[in-house]
Amino acid sequence: MPADTIPTAEAARRAWRRRVLRVGGIIQGCFAIFWLVRGGLAIGNQLGLTMAVALGGGALVVLIHGIRTTAGLAPRPTGADVERSITVATVVELVAAFVLPAIVIAAGRSDLTLPSIALTIGPLLLWIDHKLLTVQYRTVGWALTIGPIVLALTLSGTELVVTTGLTAGALLLFSAANGFSLLASNKLEPIVE
């Protein structure tokens, strides 16, 4: 690669990292709301409903704040190679997020639905970290890859649904809030391989 194209490639990766932190943060925030509400409702009774409303409402506040504070900070960059790679990985994750739950439901283990979906998110975050060196996605990616397996091996039924929903929701909300904060403060670590 010629020396004069290196800064352009690095600049494109930095721009895509910013875009992924914003758009990915919005997506993660939306899914965090879903997962936290689902985990709370799985508890049942008034406590579960109260938790679902409180956690979902809190996550919504974080999401709205993140959207407002990062508006205009991550315009759509150029660089088809990075975009194509992330798009392909996202499509693979979406397909897996439908196929794996269908398999576990067909096997008579509907309590494994949430862990099977969470399991598809972790590798996507790890792939994005690999492509864009988004260190903040690495920890959450590993947690969402290993955690659902551990939970599925140790819990079942309502306990599995509640724990998976609340844990995955909290991890996704943390990841979204962290990304919004880094983007808004412009404190992104340099891309160093």
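The values are calculated or read from the model by the stated rules, or taken from the named source; none is laboratory data. These figures come from a predicted structure and were not determined experimentally. All Cβ positions, glycine included, derive from the backbone under ideal geometry; neighbour counts span all protein chains shown. The accessibility values were calculated without ligands, DNA or RNA, using every heavy atom of the protein model including side chains. Shrake-Rupley method; radii C 1.70, N 1.55, O 1.52, S 1.80 Å.
With charges only on Cβ, +1 for K and R and -1 for D and E, what is the dipole size of region 51-148 about its Cα centre, in debye, rounded to 20?
Computed charge dipole of region 51-148: roughly 140 debye.
Please list the three semi-axes, largest first and in whole Å, of the ellipsoid equivalent to region 51-156, using sqrt of 5 times the eigenvalues of its alpha carbon gyration tensor.
Square roots of five times the eigenvalues give 28, 21, 13 Å.
For the charge dipole of the chain, defined by +1 on Lys and Arg C-beta atoms and -1 on Asp and Glu C-beta atoms about the Cα centroid, which residue among Ile43, Val20, Pro148 has the Cα displaced farthest towards the positive pole?
Val20
Give me the dipole magnitude in Debye, nearest 20, for the chain about the Cα centre, with unit charges on the beta carbon: positive for Lys and Arg, negative for Asp and Glu.
It works out to roughly 400 debye.
On a full-extension model of 0.36 nm per residue, what is the gain between Ala54 and Ala106, subtracting their alpha-carbon distance, rounded to one decimal in nm?
This chain segment gains 15.4 nm when fully extended.
If I fit a long axis through the Cα atoms of helix 135-154 and take the longest principal axis of the Cα atoms of the chain, what angle between them do I get, 0 to 90°, rounded to 10?
The answer is roughly 20 degrees.
Tell me the angle of helix 6-43 to the major Cα principal axis of the chain, expressed in degrees between 0 and 90 and rounded to the nearest ten.
Around 10 degrees separate the two axes.
Counting Lys +1, Arg +1, Asp -1, Glu -1, what net charge surrounds Ala42 among other residues with beta carbon under 10 Å of its beta carbon?
-1
Pairwise over distinct Cα atoms, reciprocal of the mean inverse distance: report the Kirkwood radius of region 1-103 in Å, one decimal place.
Roughly 16.3 Å, rounded to one decimal.
Starting from the Kirkwood Rh over alpha-carbon pairs, what translational D in µm² s⁻¹ does region 12-54 have by Stokes-Einstein at 20 °C and 1.002 mPa s?
183 µm²/s
Can you compute the FRET efficiency between Arg84 and Trp142 using 1/(1 + (r/R0)^6), with r the Cβ-Cβ distance and R0 = 25 Å? Round to the nearest 0.05.
Efficiency at R0 = 25 Å is approximately 0.50.
Largest first and in whole Å, what are the equivalent-ellipsoid semi-axes of the chain based on the Cα gyration tensor, each being the root of 5 times an eigenvalue?
Semi-axis lengths for the chain are 32, 20, 12 Å.
Could you please report the charge total around Asp81, scoring K, R as +1 and D, E as -1 over all other residues with beta-carbon less than 12 angstrom from its beta-carbon?
Value of the local net charge: +2.
Just want to confirm a number: the relative contact order over the chain, from Cα pairs under 8 angstrom separated by 6+ residues, in percent.
Over the chain, the number comes to 33 percent.
For an R0 of 25 angstrom, estimate the FRET efficiency from the Cβ-Cβ distance between Thr158 and Ile64 and round to the nearest 0.05.
Computed FRET efficiency for Thr158 and Ile64 comes out at 0.20.
Could you go through region 163-173 in sequence order and give the Karplus-derived ³J(HN,Hα) for each residue, using 6.51 cos²θ - 1.76 cosθ + 1.60 with θ = phi - 60°, rounded to whole Hz, and x for Gly and Pro?
Result, rounded to whole Hz: 5, 5, x, 5, 5, 4, x, 5, 5, 5, 5.
I'd like the carbon and sulfur percentage of the solvent accessible area for the chain, probe radius 1.4 Å, heavy atoms only, ligands and nucleic acids excluded.
On the chain, the fraction of accessible area on carbon and sulfur atoms equals 71 percent.
Using only the alpha-carbon atoms, how far is helix 80-106 inclined from the longest principal axis of the chain? Give it as 0 to 90 degrees, nearest 10.
Compared with the principal axis, the helix lies near 10 degrees.
Can you check what the net charge comes to around Ser116, using other residues whose Cβ is under 13 Å from the Cβ of Ser116 (Lys, Arg +1; Asp, Glu -1)?
-1
Based on the alpha-carbon set only, what is the convex hull volume of region 108-193 divided per residue, in Å³?
With only Cα atoms used, region 108-193 gives 76 Å³ per residue.
Per residue, how many Å² of accessible area does the chain show with a 1.4 Å probe?
52 Å²
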